[in-house]
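The values are calculated or read from the model by the stated rules, or taken from the named source; none is laboratory data. Since we're looking at a predicted model, the values are computed, not measured. All Cβ positions, glycine included, derive from the backbone under ideal geometry; neighbour counts span all protein chains shown. The protein model used for the area step is the full one, side chains on, heavy atoms only, and it has no ligands, DNA or RNA in it. Shrake-Rupley method; radii C 1.70, N 1.55, O 1.52, S 1.80 Å.
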Amino acid sequence: QMQLVESGGGLVQAGDSLRLSCAASGRTLLSYTMGWFRQAPGKEREFVAASPWNGDNTYYADSVKGRFTISRDNAKNTVYLQMNSLKPEDTAVYSCAADHWGTGWRTPENYDYWGQGTPVTVSS
């Protein structure tokens with residue numbers, strides 16, 4: 001089993017930055033594709049970013065490309081999401097997820113483990 005714990009969310013103003021962290025325990029991240037997803041009130045969960053297990057590139061939703069950066073520190077078993085130039089439409093609960101040897105990183109159903117989420121609120 002793997003446990004994922006997110007942190008770093010909060011209330012910010014439009015244009016500000018936040019860095020979310022996702023600390024994993026129980027398993028090493030080396031063989032896991034790590035993803036960030038978000039869910040706004042009344043909306044479906046949506047893909048934000050992914051870092052494949054093989055280190056091959058990173059992937060982003062069009063809505064965050066150029067503003068968000070996913071990274072991982074395998075030594076610390078932690079994944080990060082740096083969010084810059086935040087907009088009110090980025091307001092959501094952000095969750096990290098792990099998919100063993102995963103390749104379908106945009107699909108939440110593919111992920112094996114999920115954190116509890118951390119809320120991000122961006123005021124205009």
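Given 0.36 nm per residue, what is the gain on full extension from residue 107 to residue 46 after removing their alpha carbon distance, in nm?
That pair, residue 107 and residue 46, stretches by 21.1 nm at full extension.
Please give me the summed charge of the neighbours of residue 41: other residues whose Cβ is under 14 Å from its Cβ, Lys and Arg +1, Asp and Glu -1. Write down the numbers at each step before the final one.
Numbers: positive: 38, 43, 45; negative: 44, 46, 89, 90.
Value of the local net charge: -1.
Might you tell me the accessible area per residue for region 23-124, computed with a 1.4 Å probe and given in Å²? Numbers along the way, then the final one.
Numbers: 5020 Å² over 102 residues.
Value for region 23-124: 49 Å² per residue.
With each pseudo-label sitting 7 Å past Cα toward Cβ, what's the residue 100-residue 65 distance in nm, one decimal?
3.3 nm
Less than 16 Å apart at the alpha-carbon level, and either on another chain or at least 8 residues along: which lysines does that give for residue 87?
65
I'd like the per residue volume of the convex hull spanned by the Cα atoms of the chain, given in cubic angstrom. Intermediate values should be presented prior to the final figure.
On the way: hull volume 11.2 nm³, N = 124.
Each residue corresponds to 91 Å³ of Cα convex hull volume.
For the pair residue 124 and residue 3, how long in nm is the line joining their label points, each one 7 Å along Cα→Cβ?
About 4.1 nm, to one decimal.
Considering only protein heavy atoms and a 1.4 Å probe, what is the carbon-and-sulfur percentage of the accessible area of region 71-124? Could the numbers behind the result be given before it?
Details: 1290 of 2630 Å².
That share works out to 49 percent.
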